[in-house]
2 protein chains.
Amino acid sequence: MLNDEKTQVSNECADCPIRHRAVCARCESDELEQLEEIKYYRNFEAGQTIIWSGDRMDFVGSVVSGIATLTQTMEDGRTQMVGLLLPSDFVGRPGRDGSPYDVVATTDLVMCCFRKRPFEDMMSRTPHIAHRLLEMTLDELDAAREWMLVLGRKTAREKIASLLTIIARRDASLNLRPTHDALVFDLPLTREAMADYLGLTLETVSRQISALKRDGVIELEGKRHVTIPDFSRLLDEAGDDSDGGMLA
Amino acid sequence: MLNDEKTQVSNECADCPIRHRAVCARCESDELEQLEEIKYYRNFEAGQTIIWSGDRMDFVGSVVSGIATLTQTMEDGRTQMVGLLLPSDFVGRPGRDGSPYDVVATTDLVMCCFRKRPFEDMMSRTPHIAHRLLEMTLDELDAAREWMLVLGRKTAREKIASLLTIIARRDASLNLRPTHDALVFDLPLTREAMADYLGLTLETVSRQISALKRDGVIELEGKRHVTIPDFSRLLDEAGDDSDGGMLA
DNA sequence: TCGCGCGCTTGATCTGGGTCAAGGTTGACC
DNA sequence: GGTCAACCTTGACCCAGATCAAGCGCGCGA
């Protein structure tokens, strides 16, 4: 090929970890060059809205670093977060123009974007990209439905434990950290954002976190730095019946 | 083609209303013949479980008549319905083997099925089928996320009104009934099933339905037959800011 | 170094919806 | 037409979590 170095980089997907790698790994080098051509980066500051509900989206992409949330708001101001985007998560709705909810960067954030039309064209020409997108959408659907159980039937304490479980899992899989040690991570969300995700108030979130700390389920250093001494204990608290592959 | 009559039937899709028609309408006649070959029907009785959570699914398909629900259950018995399948809705997860939740027929039900492996083969060969599946999965994802707002942030009264809104809309679009009249339909769910969908108890569902009746938002004949004299009133009660295209 | 604001914690009180309990309705089957 | 079992309604009471309110602590800019 003309450009071995570039192809190499794309195959490794150093910039777009995980999600795109699964696509790229099966791409021919000319397809990779096409992807490179329509690819660009965008930076957002903490608190900035990436897409407003109803806005036209002219790109798809994935989070490289930082955290974003998908949020729905009622006229009277009640808000519900319907998705949490961590590094490597896909953003966008191939084949659709508008976004049905706000996408907000809750930390400084870098996105790797592809222009939408050319990406859709490529998708219709390359079945394994279309297939990968269906896979990812099914994953999101599963996650959304699991969250419906959390919102509809779990107590405040179980909700907090469920959220910590998700964040811990994502963090561990991203960092490929051995799972037999205590898990350590920083909460990427404020108490208010957690409340919006869990269908609670920020006061209840704060109280339940204090309770989990008092009961030794979690340890807290400052307001954000969390240690989970016993992950299976946390899973019990979350009311989950499976460990999602975290434990041996 | 060899079999004009059969092709004609498939193009009309008399048996598999709506969802498959959108696929079939763009299929070549040889593709339609292939679909016919892997197609079969299954009947279920009210209360029968179609697929148990974790079970292997060897088909995809759609509901022809009757109602099914997607349900998740915790070990202690708390259950949350995460999806409602009305006639024309798709069932199945192309590319995946197991179901993450129970699929239960809540009325007598007929399904139109396609054997899964050959369907997946066809899918990878015919881009417009793959595309249609992505569309449908995105629709389901939108519905799931909208429901997260209902579960997380709406009051019991708003939840009931939201459910009635959805059922009324679906019923009206299926029956192509003029929408300027009062809407009339039968509730396809017991009070308990509604409670499981809404994250409530059946007593609360019953009380809120009585309240909506007392306040003239709905009229009830027997326990199931509902009349909506003023749909926009119901939308207000649901806290929705859009009418989803029901009103002019 | 001070103060100021944002994010967080904690307390006191209130309330929507859950829980427990007692019937009422309807329809299928003998 | 009587019985029985779902399914539904309604009442009384309770409690988890919301609401209202006060204050803490840390980081940042002046």
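With +1 assigned to the C-beta of every Lys and Arg and -1 to the C-beta of every Asp and Glu, and no other charges, what is the dipole magnitude of the range A:155-238 about the Cα centre in debye, to the nearest 20?
Here the size comes out at about 80 debye.
Using the structure shown, select from A:K159/B:K159; A:K154/B:K223; A:K159/B:K39; A:K159/B:K213; A:K159/B:K223; A:K154/B:K213 the pairs with a Cα to Cα distance greater than 32 angstrom.
Beyond 32 Å between Cα atoms: A:K159/B:K39; A:K159/B:K213; A:K159/B:K223.
Tally Lys and Arg at +1 and Asp and Glu at -1 over the other residues with C-beta under 13 Å from the C-beta of B:A195: what net charge comes out?
+2
Mind ordering A:45-58, A:136-149, B:208-221, A:66-79 by average Cβ neighbours within 10 Å, highest first?
Output ranking for A:45-58, A:136-149, B:208-221, A:66-79: A:136-149, A:66-79, B:208-221, A:45-58.
Run the numbers on the range B:154-238 and let me know its relative contact order in percent, using alpha-carbon pairs under 8 Å that are six or more apart.
Answer for the range B:154-238 is 42 percent.
If N is the number of residues in the range A:65-213, what value comes out of its Cα radius of gyration divided by 2.2 N^0.38 Å?
Its radius of gyration relative to the 2.2 N^0.38 Å reference: 1.16.
In peptide B:146-159, what is the residue-averaged number of other protein chain Cβ atoms found within 10 Å of each Cβ?
For this peptide, the per-residue mean of nearby foreign Cβ atoms is 6.
Where does the range A:41-148 land on Rg/Rh, using Cα atoms and the Kirkwood Rh?
Expressed as Rg/Rh, it is 0.96.
Please give me the summed charge of the neighbours of A:E120: other residues whose Cβ is under 12 Å from its Cβ, Lys and Arg +1, Asp and Glu -1.
That works out to +3.
Output the relative contact order of the range B:41-148, whole-number percent, from Cα pairs under 8 angstrom with separation of 6+ residues.
This gives 37 percent for the range B:41-148.
Taking +1 at the Cβ of each Lys and Arg and -1 at the Cβ of each Asp and Glu, which of B:G216, B:I166, B:T201 sits farthest along the dipole of the range B:154-238 towards its positive end, judged by Cα position relative to the Cα centre?
So the residue furthest toward the plus end is B:T201.
Using a label position 7 Å from Cα in the Cα→Cβ direction, what is the ascending list of nm distances from A:N43 to the same site in the other copies?
Listed shortest first, these distances are 6.7 nm.
How well do other chains shield peptide A:64-72, expressed as the mean number of their Cβ atoms within 10 Å of each residue Cβ?
1
Averaged over its residues, how many other protein chain Cβ atoms are within 10 Å of peptide A:94-102's Cβ atoms?
2
Placing +1 at every Lys and Arg Cβ and -1 at every Asp and Glu Cβ, with all other atoms neutral, what dipole size does the range B:41-148 have around its Cα centre, in debye to the nearest 20?
With Lys and Arg at +1 and Asp and Glu at -1, about 400 debye.
Quick note: the coordinates plus some simple rules give every number you see, no bench work behind them. The structure displayed is predicted, hence computed values, not measured ones. Ideal geometry is used to build each Cβ from the backbone, glycine not excepted, and the neighbour counts take in all protein chains shown.
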